[in-house]
Amino acid sequence: HNGIRNGGFLHQAHWGADTNGATNLNDYDASANDGWVHAAFVYDGAADLGQIYLDGVLDWEGEKRAPNGNGNLIVGGSNGGGDNFRGLVDEIAVWDIPASADIIAALAAGTSPLEVGGPSAETPFLVTAFSYNVGAGDLDISWNSTAGKSYGLEYSVDLATWVDLEVTVEADADTANFQLPGAENPLVGQPNVYLRVYEK
């Protein structure tokens, strides 16, 4: 259970390993973020280490036993429909490996979850330019990179299924670019196209 409990604390619960963050949200000034609070919960299973972040800043860290149980992913409530959250929730993202402090800071600062390279990356991959001609199929994408590194790309039309383009882009500067002519583009005619970059 990750959420808000015990009178206003961010809370990470692993069935017998329940922990509050250090900050009571009732006393927290979120006006700098227009009233929004960015919460991130991290669990490193290999190290049995739990972390709670509030607006990109570590609010608690300590030993945490592995979750004991299974079930459905439920946002804004508990199993059976109880404990409903009264408020607004936006930009929920879940990873299956621990996110780094840099990734969480970038997300809290407003970077979209779709624009980070993933928790295992040393720094987020930020897309700096993107264009796609729906009719012709011509596609052009640029992102921040590290010289000497190799990158690949995956595409999706629904954000559920991702397919590797099976290309390798060798970066020779701090920005990499990939262009795909419409004649070679398997996405020609698709109204919605999503791309993500990964380091090889």
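Any read-out appearing in this document is the output of simple, stated calculations on the displayed coordinates, not a laboratory observation. This one's a predicted model, so the numbers in the text were calculated from it and none came from an experiment. So basically every Cβ, Gly included, is an ideal-geometry build from the backbone, and we count neighbours across all protein chains shown.
Okay, here's what the table says:
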{"item": "Relative contact order of region 153-194, pairs being alpha-carbon contacts under 8 Å that are 6 or more residues apart, as %", "result": "45 percent"}
{"item": "Overall dimensions of region 2-108 by Cα: Rg and Dmax, Å", "result": "13.7, 38"}
{"item": "Dipole of region 52-91, positive direction: furthest Cα of Pro67, Val57, Leu88, with charges on the beta-carbon", "result": "Pro67"}
{"item": "Likely footprinting exposure, Arg65, Arg86, Arg5, Arg196, fewest C-beta neighbours within 10 Å first", "result": "Arg86, Arg65, Arg5, Arg196"}
{"item": "Structure-derived Kirkwood radius over Cα pairs in Å - corresponding label in [x] 19.2; [y] 18.6; [z] 17.6", "result": "[x]"}
{"item": "Most mobile listed residue (Ala46, Ala101, Ala22) in the chain, GNM with C-alpha springs under 10 Å", "result": "Ala46"}
{"item": "Per-residue [θ]222 nm for the chain (sum of -39500 (n - 2.57) over DSSP H runs n ≥ 4, rounded to 500)", "result": "-1000 deg cm²/dmol"}
{"item": "Local electrostatic count, Asp48, Cβ distance below 13 Å [Lys/Arg +1, Asp/Glu -1]", "result": "-1"}
{"item": "Equivalent ellipsoid semi-axes, region 82-200, via Cα gyration tensor eigenvalues times 5, rooted, Å", "result": "27, 20, 12"}
